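**Q** Got a structure for you, written out below as structure tokens; questions coming shortly.
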Amino acid sequence: MTQDGFEAVSIDTSRPHPARIYDYLLGGKDNYEVDQRAGDELAAAAPEARIGVRANRAFLRRAVRYVVDSGVRQILDIGTGLPTSPNVHEVAQSAAPDVRVAYVDNDPIVAAHGNALLSRSGTTRIVLGDLRDPRSLLDHPDVRQLIDFDRPVALLLVAILHFLADADRPAEIVATLRDALPAGSFLVLSHATGDFADRTAAQAVYTKATASLNLRTHAEVERFFDGFDLIEPGLAQVPFWRPDSPPPPRSEEIGFYGGVARKTV
């Protein structure tokens, strides 16, 4: 059995997967013992990890509401991870029912869960694909059927780029995606950092996973927004990006930056 050309046997449950570790830290159930062990190791190495992933998820919800309130009706969410309610389409469509959302992830388990969740919706779709090949994502027929690249799009790269090493040329990948977007589009991006504490031990947890963890500084993350105009307050720790409630305790320790930017030309 195949899906989008991926053999079913490509589902690897012998090593932790970032999406399933994230799901475990959020309190989800779509993970395996190997992911749970990795999540516990991560929380031991970085005590703020659990509040950090929740704060990152809350940032995503606020950012989605912001871009929809700004008039965007199309969202391309790359590296979506396992479904966690409220999902991007639920947040977006609660504000504007006509929003269309194309989800992309490289984990067949994520795709299977997503397909089960979205099977009755004509305004959402999930595609199995890899961010390292951005052109194939942009040209994927299921993405093209849902997303009109002649109209503004909100591109979501939330907690995904830190799983690309410098050798993967993440800046070039983001530039390829940016160049496909028309004026009026948005980039929503968050990224792990070691700016607030030594997180070498946390990075080591991912040496056993299907992707490495590549922490970057504020300046390095900000460069991903080249060609966009950052929205106030710029690139900030995720609890402090336009909070709609008091930030959780220990927010100043959270090693996630987040920002939203608009493409004006």
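**Q** Provide the FRET efficiency to the nearest 0.05 for the Ser212-Arg242 pair, computing r from the beta carbons and using R0 = 22 Å. Before the final figure, lay out each step's value.
**A** Values: r = 31 Å, r/R0 = 1.39.
Efficiency computed from Cβ-Cβ geometry: 0.10.
**Q** Throw me the Rg/Rh for the chain, computed over C-alpha atoms with Kirkwood Rh, two decimals. Can you show the working numbers first?
**A** On the way: Rg = 17.2 Å, Rh = 18.5 Å.
Ratio of gyration radius to Kirkwood radius: 0.93.
**Q** For the chain, report the accessible area per residue in Å² (1.4 Å probe, heavy atoms, rounded to an integer). Numbers along the way, then the final one.
**A** Numbers: 11580 Å² over 265 residues.
I get 44 Å² per residue for the chain.
**Q** What relative contact order, as a whole-number percentage, does the chain give when Cα pairs under 8 Å and 6 or more residues apart are counted?
**A** Values: 486 pairs, mean separation 55.2, N = 265.
Rounded, it is 21 percent for the chain.
**Q** Here's a follow-up. Farthest toward the dipole's positive end in segment 18-263, which of Tyr32, Ala92, Phe163, given Cβ charges of +1 (Lys, Arg) and -1 (Asp, Glu) about the Cα centre?
**A** Value computed over the given set: Ala92.
**Q** Can you list the HN-Hα couplings for segment 226-242, worked out from phi with the Karplus curve (6.51, -1.76, 1.60; θ = phi - 60°), rounded to whole Hz and with x for Gly and Pro?
**A** So the Karplus estimates, Gly and Pro as x, are 4, x, 10, 9, 5, 7, 4, x, x, 7, 9, 4, 4, x, 9, 8, 6 Hz.
**Q** A further question on this structure: Given points 7 Å out from each Cα along the Cα-Cβ axis, report the Ala175 to Ala219 separation in nanometres with one decimal.
**A** Once both label points are built, they end up 1.9 nm from each other.
**Q** Report, to two decimal places, the Cα Rg of segment 138-261 normalised by 2.2 N^0.38 Å (N = number of residues).
**A** Working: Rg = 15.7 Å, N = 124, 2.2 N^0.38 = 13.7 Å.
Taking N as the residue count of segment 138-261, the ratio is 1.14.
**Q** Evaluate segment 125-210: find the radius of gyration of its Cα atoms, find its Kirkwood radius, and give the ratio Rg to Rh. Numbers along the way, then the final one.
**A** Numbers: Rg = 15.1 Å, Rh = 14.7 Å.
Rg/Rh: 1.03.
**Q** Looking at segment 77-165, which trypsin sites (Lys or Arg not before Pro) are in a loop (DSSP not H, G, I, E or B) and have at most 10 other Cβ atoms within 10 Å? Write down the numbers at each step before the final one.
**A** Working: sites: Arg100, Arg120, Arg125, Arg132, Arg135, Arg144; in loops: Arg120, Arg132.
Hits after loop and neighbour filter: Arg120.
**Q** Right, something else. Tell me the carbon and sulfur percent of the accessible area for the chain, rounded to whole percent, probe radius 1.4 Å.
**A** Values: 5770 of 11580 Å².
Here carbon and sulfur together make up 50 percent of the probe-accessible area.
**Q** A further question follows. Give, in nm to one decimal, the length gained when the segment between Ser70 and Asp226 is fully stretched (0.36 nm per residue of separation minus the Cα-Cα distance). Mind dumping the intermediate values first?
**A** Numbers: separation 156, 0.36 × 156 = 56.16 nm, distance 2.07 nm.
Contour length minus the Cα-Cα distance gives 54.1 nm.
**Q** Taking a spot 7 Å from the Cα of Thr200 along the direction of its beta carbon, which residues of segment 35-61 have an amide N less than 16 Å from it?
**A** Under cut-off, by backbone N: 45-46.
**Q** Among DSSP beta bridges lying fully in the chain, give the percent that are antiparallel, nearest 5.
**A** Numbers: 13 of 31 bridges.
If I count the DSSP bridges inside the chain, around 40 percent turn out antiparallel.
**Q** Tyr32 versus Arg144, label points 7 Å from Cα toward the beta carbon: distance in nm?
**A** It works out to 3.5 nm between the two label points.
**Q** Of Ser245, Ser190, Ile109, whose Cα points farthest to the positive end of the dipole of segment 18-263 (charges on the beta-carbon: +1 Lys, Arg; -1 Asp, Glu; origin at the Cα centre)?
**A** Among Ser245, Ser190, Ile109, the one farthest towards the positive end of the dipole of segment 18-263 is Ser245.
The values are calculated or read from the model by the stated rules, or taken from the named source; none is laboratory data. Model, not experiment: these values are computed from the prediction. Because the Cβ atoms are built from the backbone with ideal geometry, glycine has one as well, and the counts that use them run over all protein chains shown. Ligands, DNA and RNA are excluded from the accessible area calculation, which covers all protein heavy atoms including side chains. Shrake-Rupley method; radii C 1.70, N 1.55, O 1.52, S 1.80 Å.
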